[in-house]
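Here is the structure we will look at, set down as structure tokens.
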Amino acid sequence: MAGPFNWISQVASVSLFNVRTVHKRLGSSLTAVLGIAGVVAVMVAVLSIAQGILRAMESSSAPENVIVLRSGATAEMMSGLGGDDVRFISEAPGIARNEDGAIASAELFVIIDVKKQSTGTDANVPLRGVTRAAPSVHQEFSIVEGRMFEWGLNELVVGVGASREFRGLKVGDSIEVANEQWPVVGLFESGGGVSEAEIWVDAAVLQTAYRRGNSYQSVYAKLESPDGFQAFKDALTADPRLNVRPMREEDYYAEQSELLYNVVTGLGKLIAVIMGIGAIFGALNTMYTAVAARAREIATLRALGFHSGPVVISVLLESLMLAFAGGVVGAGLAWLAFDGFTAATLNFASFSQITFAFYVSVPLLIQGVVLAMVIGFFGGLFPAIRAARLPIATALREQ
Amino acid sequence: MKYLALILSNLKRHKLRTALTMLSILVAFLLFGYLAAIRTAFTAGIDVADLDRLIVRHKVSLIQLLPASYEARMEQIEGVDSAVGQTWFGGYYQEQRNQFAQMPVKPDEFLDMFPEYVLSDDEKEAWLSTRTGAIAGRQIAERFGWQVGDKVPITASIWTKADGSQVWDFDLVGIYDAGEKGTDDTQFFFRYDYFDESRPDWGKGLVGWYTVRIDDPERSAEVSAAIDAEFANSQAETKAEPEGAFLQGFANQIGDIGFIMTSIVGMVFFTILLVAGNTMAYAVRERTNELAVLKAVGFTDSGVLGLVLGESFLLTAIGGGIGLTLAWLMVSAGDPTNGFLVTFFIPGRDMVYGVILIAVMAFVAGILPAMQAQRLRIADALRR
């Protein structure tokens with residue numbers, strides 16, 4: 001008669017019965033929930049590191065921005081460009097211009113040892129020499145404390161990330177460069193990008209201090225439009241006077257973060273998988289116990305004419321429900337504890353520190369809950385099958 | 001021991017539950033071992049750092065170079081035995097993603113300084129007599145399929161040759177083995193004289209950093225200070241520190257790896273403890289009657305306590321033991337990042353910690369139910 005409806009109402013009534021009696025199995029149910037919450041929390045936390053690094057890299061680039069390095073160089077530190085090279089690059093077609101001329105900044109990139117706030121040991125902090133166009137080229141550059149350095153003076157401005165993660169980089173402090181004390185006169189932000197981990201100074205001052213003559217390591221430039229890249233690149237690579245590697249900023253930063261991102265993500269997923277398997281065993285234990293404790297009730301229902309389908313589904317539903325609770329708790333905990341948590345690490349590609357904030361993104365939260373549901377599904381499947389196969393007569397006879 | 005059979009039969013009573021609990025414990029210890037290997041990899045070399053070696057680098061940063069003349073000047077300093085310079089070459093093999101460590105060194109001095117790089121006498125002889133000769137670690141040679149006698153072109157990203165070319169050709173004259181666990185065998189060393197002749201003028205006569213052997217490890221702070229004083233107020237001031245401190249500082253650049261790993265392991269153990277404790281509690285609750293019978297036939301209270309604790313110990317020991325063994329096997333099979341982690345093994349010390357943890361966990365999981373069993377009053381329990 002009302003076949004499907006009857007079936008659904010059976011599922012509903014058995015499931016409701018299970019849910020109402022969860023408190024009788026509080027100990028083992030809580031164990032499963034907490035176990036799954038732990039797995040999800042660890043996975044979300046570790047992957048939020050990778051997401052944070054990725055976000056810092058992404059917010060460093062704009063689609064119309066380009067960077068030019070010497071051909072063969074994989075990072076700024078390895079690159080070298082002469083004063084003439086810089087001039088030819090700045091004259092290339094497609095570069096946007098404002099009242100000061102081409103929006104192209106020739107830069108020097110070195111690292112200096114500054115003590116890390118957390119460990120007190122030396123860290124490779126980037127010291128960047130910039131030219132006047134730098135604030136217009138780099139994303140969302142703005143001074144948030146103190147003032148910009150004076151051009152021609154050995155004054156420094158420090159990214160907010162560097163100021164937070166390393167010692168002695170507050171406004172009013174000074175650091176030793178080339179046997180001299182250089183004062184920090186301001187802090188800057190750059191939309192959460194990697195330059196927030198850097199210290200900036202006038203490139204001309206840095207050239208003198210490091211005896212670099214009129215040489216630079218990179219040119220950052222803004223194009224009139226993102227579509228202009230191919231023409232820009234062709235012009236530079238065709239120029240016989242130049243031996244350079246022009247890249248879109250997006251591609252450059254993706255390349256810079258690739259290794260770090262892959263290592264963190266790979267290890268995070270590996271740990272999550274191993275922990276997840278452990279949690280499946282825990283969930284199986286819980287659900288087998290739940291089924292065993294309810295053997296008589298299930299047998300009674302079957303004897304009353306309930307199908308085995310609704311019984312299977314009800315056990316699976318209970319497991320999934322516990323897992324869902326665990327997933328939400330775990331993801332929530334990770335979000336509360338880690339989202340926005342700031343840290344610094346060594347980027348192997350640039351051999352220098354980058355600062356970033358852990359980023360618990362929505363897709364990451366969803367991934368966490370999905371992982372929980374997978375654990376719940378496998379943890380409930382076999383006990384559910386056992387429940388369905390329970391021989392009615394023997395189960396009823398059990399005490 | 002005579003109760004072992006009894007404990008075993010108790011464990012066998014709910015085979016599935018016992019197996020599942022054991023498997024959760026197994027996973028916890030598998031992870032423990034694995035994370036220990038990862039932590040060791042990130043702090044590579046610290047455990048094998050030589051106490052009588054110092055690292056001397058430019059005070060401002062590691063990337064700034066020091067004059068090659070410092071070697072002779074340091075060797076004059078009281079307490080210094082010898083000094084060997086190395087320089088980061090930063091090239092790659094064939095493709096940009098094939099990056100690994102290459103350093104120019106003076107072969108004879110270098111091999112004396114680092115006895116942990118094991119090279120046969122023939123290979124050493126060949127290196128000393130071949131100007132373009134280079135040696136590679138076993139692991140990196142296997143990664144790229146190099147054999148002794150191969151020509152190995154390395155593309156420079158920092159050190160273009162004086163003639164403007166980027167490719168340096170080397171003759172692979174030897175493959176060195178790691179003398180002890182934790183020695184990095186992914187490096188590539190070639191001769192300093194070839195390097196210095198072929199590099200452009202701006203770099204000639206400069207090296208990246210020095211390794212200094214001192215006579216007495218007790219005096220490392222004093223000798224470090226003497227070295228730094230020797231070059232104070234010069235164009236290139238130095239920072240000298242023990243090799244272990246240098247490597248620890250470098251590992252700290254990545255982050256507080258130890259703290260992160262301990263947090264994860266702590267989280268894992270906490271949840272597994274819940275699972276194991278819960279199982280033991282069930283086992284006791286179910287068996288209230290039997291435990292009372294045991295007491296009635298003459299088992300003492302502490303005997304029953306021991307029985308339940310013994311069950312917890314056996315369960316954890318089997319699960320944990322298999323877990324640690326599996327971790328060891330998995331780690332021996334290779335690192336998960338394909339060559340990014342230069343050394344990948346579980347140090348003996350961490351294995352010992354693992355065994356201690358097994359005991360702790362077994363005790364914590366079993367003690368409450370065991371005490372419950374101990375306090376059981378025969379009459380009450382039998383009436384239930």
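The values are calculated or read from the model by the stated rules, or taken from the named source; none is laboratory data. All values derive from a computational prediction rather than experimental measurement. So basically every Cβ, Gly included, is an ideal-geometry build from the backbone, and we count neighbours across all protein chains shown.
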*Counting only residues that are touching a strand residue (DSSP E or B) at 6+ places or on another chain (Cβ under 7 Å) and assigned to a loop (DSSP other than H, G, I, E, B), which one in region A:207-235 is nearest to B:TRP202 (Cα to Cα)?*
A:ARG212
_Matching residues in region A:224-277 - criterion: being of a type in the set (Gly, Ala, Ser) and within 24 Å of B:VAL265 (Cβ to Cβ)_ = A:GLY266, A:GLY268, A:ALA272, A:GLY276
*Could you tell me which numbered condition B:GLY133 fails, if it satisfies all but one of (1) out of contact with any Phe, Trp or Tyr (no Cβ under 9 Å at 6 or more places or on another chain); (2) buried (at least 20 other Cβ atoms within 10 Å of the Cβ); (3) closer than 16 Å to B:GLU197 by Cβ; (4) more than 14 Å from every other protein chain (Cβ to nearest Cβ)?*
(1)
_Cβ-Cβ distance below 8 Å, separation of 6 or more or different chains: which pairs start in region B:142-161 with a residue that is more than 13 Å from chain A (Cβ to nearest Cβ) and end on one that is loosely packed, with under 14 Cβ neighbours inside 10 Å and assigned to a loop (DSSP other than H, G, I, E, B)?_
B:PRO153/B:GLN94
*B:LYS124 is checked against (1) touching a Leu at 6+ places or on another chain (Cβ under 7 Å); (2) free of Cβ contacts under 8 Å to residues at least 12 places away in the same chain and fails just one. What number does that condition carry?*
(2)
*Collect the residues in region B:86-117 that are under 26 Å from B:LYS181 (Cβ atoms), at pLDDT 90 or above and part of a strand (DSSP E or B), keeping them in residue-number order.*
B:GLN86, B:ALA101, B:GLN102, B:MET103, B:VAL105, B:TYR117
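Do you know which residues across region A:157-189 are within 25 Å of the chain's Cα centre (by Cα) and either among the hydrophobic types (A, V, I, L, M, F, W, C) or farther than 22 Å from B:GLY255 by Cβ (or both)? Lay out the reasoning, then the answer.
If we filter region A:157-189 for residues that are within 25 Å of the chain's Cα centre (by Cα), which is where we start, we get A:158-167, A:187-189.
Result: A:VAL158, A:VAL160, A:ALA162, A:PHE166, A:LEU187, A:PHE188, A:GLU189.
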*Would you be able to say whether some residue in region B:236-243 is part of a helix (DSSP H, G or I) and modelled with pLDDT of 90 or more?*
yes
*A:LYS116 is checked against (1) within 9 Å of chain B (Cβ to nearest Cβ); (2) closer than 30 Å to A:ARG241 by Cα and fails just one. What number does that condition carry?*
(2)
*Output yes when any residue across region B:80-95 is without any contact (Cβ under 8 Å) to a residue 60 or more places away in the chain and over 27 Å from B:GLU218 (Cβ atoms), and no when none is.*
yes
*Does region B:207-220 contain at least one residue that is of a type outside the set (Lys, Arg), outside any helix (DSSP H, G or I) and closer than 30 Å to A:THR342 by Cα?*
no
_Per-region count, region A:163-188, residues within 14 Å of chain B (Cβ to nearest Cβ) and surrounded by fewer than 18 Cβ atoms within 10 Å (Cβ to Cβ)_ = 6
*If you take the residues of region B:8-44 that are more than 9 Å from chain A (Cβ to nearest Cβ), hydroxyl-bearing (Ser, Thr, Tyr) and under 32 Å from the mean Cα position of the chain (by Cα), which of them is surrounded by the most Cβ atoms within 10 Å (Cβ to Cβ)?*
B:THR40
*Quick one: would you say A:ILE111 is within 28 Å of the chain's Cα centre (by Cα) and under 30 Å from A:PHE348 (Cβ atoms)?*
yes
_Every residue in region A:334-345 that is touching a strand residue (DSSP E or B) at 6+ places or on another chain (Cβ under 6 Å) and crowded, with 19+ Cβ neighbours inside 10 Å, please._
A:ALA344
*Look at region A:358-381 and say how many of its residues are surrounded by 20 or more Cβ atoms within 10 Å (Cβ to Cβ) and within 12 Å of the chain's Cα centre (by Cα).*
4
*For region A:77-96, enumerate the residues that are crowded, with 20+ Cβ neighbours inside 10 Å and at pLDDT below 90.*
A:MET77, A:MET78, A:SER79
*Test B:ILE254 against the stated conditions and say whether it is within 11 Å of chain A (Cβ to nearest Cβ), surrounded by 15 or more Cβ atoms within 10 Å (Cβ to Cβ) and out of contact with any strand residue (DSSP E or B) (no Cβ under 9 Å at 6 or more places or on another chain).*
no
_So A:LEU47, is it within 14 Å of another protein chain (Cβ to nearest Cβ) and either modelled with pLDDT of 95 or more or assigned to a strand (DSSP E or B) (or both)_ = no
*What number of residues in region A:298-311 are assigned to a helix (DSSP H, G or I) and surrounded by 16 or more Cβ atoms within 10 Å (Cβ to Cβ)?*
7
